[in-house]
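The values are calculated or read from the model by the stated rules, or taken from the named source; none is laboratory data. Since this is a predicted model, take the numbers as computed values, not measurements. All Cβ positions, glycine included, derive from the backbone under ideal geometry; neighbour counts span all protein chains shown.
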């Protein structure tokens, strides 16, 4: 029997920064480029999240290509701070307290504007909601030539209210370009804010293919007690909101485990919904079939121990978890929502199921687990898809074009 919430799994002894910089995830070797840009990347925090990691990886790679990169943040905290500093990238804090709508918020906005002006930045690239709100007005005041705002989520956050949406519309319109990470998000912006099509640029998320390919499985160390014959299903998602669909997965698991009792669902991620999900697992009598692994730094190694990845979300923009699972060579089952449809061709490189439909989700999972040749064919096609369309080489080339596409360049 597995411990419900405190499964003993081995953790890496090295720090997160050593993991990124020491295992080939990114090179700090300088590469010469034709035209270098001075760019300030702005983000809320440097904690490990999808947006933050994408920003940090982009900054490191742009820095390696001899662009003059600075990272600004509203709170200089999180493991990515050390990663950036070790690579020689300057990190500057514009401290946000409880809200930007305060005297301190105005002071930080003016500090940022002065910083942009004095350092003569060519581009301000804001990566999230709070960075948009602080960075775009500051860059306008500083007359920064290229001002990029971003939206990387599909469902509106709790922060959004009618008047705040009007504010965001102004922020987007005052940007030279708005970057989104899927067609689904672009259509949301066009419909909600009336932005011209040419203002919104799609730049897909990227995944470090080499970090996820070819990792050797080590279940004995990482998943003690899970037998070699067990079918392990990875579910990588935070547990901060019901929109991630964990409850639907647990409902589907009853059917799956009834047909395939050796199935183990490995839930990687954490958040305020976790206790509710653990209760659902107990009520379903599935304690022996679920492992709650919490936040992990060794996701590639855990994925290598799995047979299948599932993304049961009710809404997604462009999920890094899906791209990472496909890069790992796992077959995937995902819901037919948002950016998932831009990654998966149903039956060709993965399976798509309707959201909030545990019965269909269970059937798709069972098909993958019971038809190994079919699952292997989809896994190979998925890995090739990620290699061809979602590499950091593509992302960096798109960013460089964004910084270049301005009459003042």
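Just one of the listed residues (280, 311, 286) is touching a strand residue (DSSP E or B) at 6+ places or on another chain (Cβ under 6 Å) and either assigned by TED's automatic domain parsing to the domain that holds residue 248 or farther than 16 Å from residue 362 by Cβ (or both), and it is 311. Applying the criterion of being assigned to a loop (DSSP other than H, G, I, E, B) and under 18 Å from residue 322 (Cβ atoms) to the residues of the stretch 196-223, the residue that is farthest from the chain's Cα centre (by Cα) is 215.
Of all the numbered requirements in (1) part of a helix (DSSP H, G or I); (2) crowded, with 21+ Cβ neighbours inside 10 Å, residue 147 misses one, and that requirement is (1). In this structure, does residue 365 turn out to be in contact (Cβ under 8 Å) with a residue 24 or more places away in the chain, more than 19 Å from residue 315 (Cβ to Cβ) and assigned by TED's automatic domain parsing to the domain that holds residue 305? The answer is yes for residue 365. For the stretch 186-200, which residues satisfy the criterion of being in contact with a strand residue (DSSP E or B) (Cβ under 7 Å, 6 or more places away or on another chain) and either modelled with pLDDT under 95 or surrounded by fewer than 19 Cβ atoms within 10 Å (Cβ to Cβ) (or both)? Answer for the stretch 186-200, where residues must be in contact with a strand residue (DSSP E or B) (Cβ under 7 Å, 6 or more places away or on another chain) and either modelled with pLDDT under 95 or surrounded by fewer than 19 Cβ atoms within 10 Å (Cβ to Cβ) (or both): 189, 190, 195, 199.
Looking at 299, 343, 337, just one residue is buried (at least 23 other Cβ atoms within 10 Å of the Cβ), touching a helix residue (DSSP H, G or I) at 6+ places or on another chain (Cβ under 7 Å) and more than 30 Å from residue 145 (Cα to Cα), and that residue is 343. Strands (runs of 3 or more DSSP E) fully within the stretch 1-120 that include at least 3 residues being closer than 23 Å to residue 404 by Cα and at pLDDT 90 or above: 38-43, 68-73.
The rows are residues; the columns are (1) surrounded by 24 or more Cβ atoms within 10 Å (Cβ to Cβ); (2) more than 16 Å from residue 94 (Cβ to Cβ).
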position	(1), (2)
106	no, no
131	yes, no
159	no, yes
162	no, yes
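When the test is whether a residue is at pLDDT below 95 and part of a helix (DSSP H, G or I), residue 132 does not pass it.
Considering each residue of the stretch 157-176, count those that are at pLDDT 95 or above and under 22 Å from residue 320 (Cβ atoms), and give that number. Residues in the stretch 157-176 being at pLDDT 95 or above and under 22 Å from residue 320 (Cβ atoms): 0 in total.
Per-residue answers, yes or no, for (1) farther than 17 Å from residue 215 by Cα; (2) in contact with a strand residue (DSSP E or B) (Cβ under 7 Å, 6 or more places away or on another chain):
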| residue | (1), (2) |
| --- | --- |
| 293 | yes, yes |
| 305 | no, yes |
| 319 | yes, yes |
| 361 | yes, yes |
| 376 | no, no |
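Report yes if residue 88 is farther than 16 Å from residue 129 by Cα and outside the structural domain of residue 237 (by TED's automatic domain parsing), otherwise no. Here the answer is yes, as residue 88 does meet what is asked.
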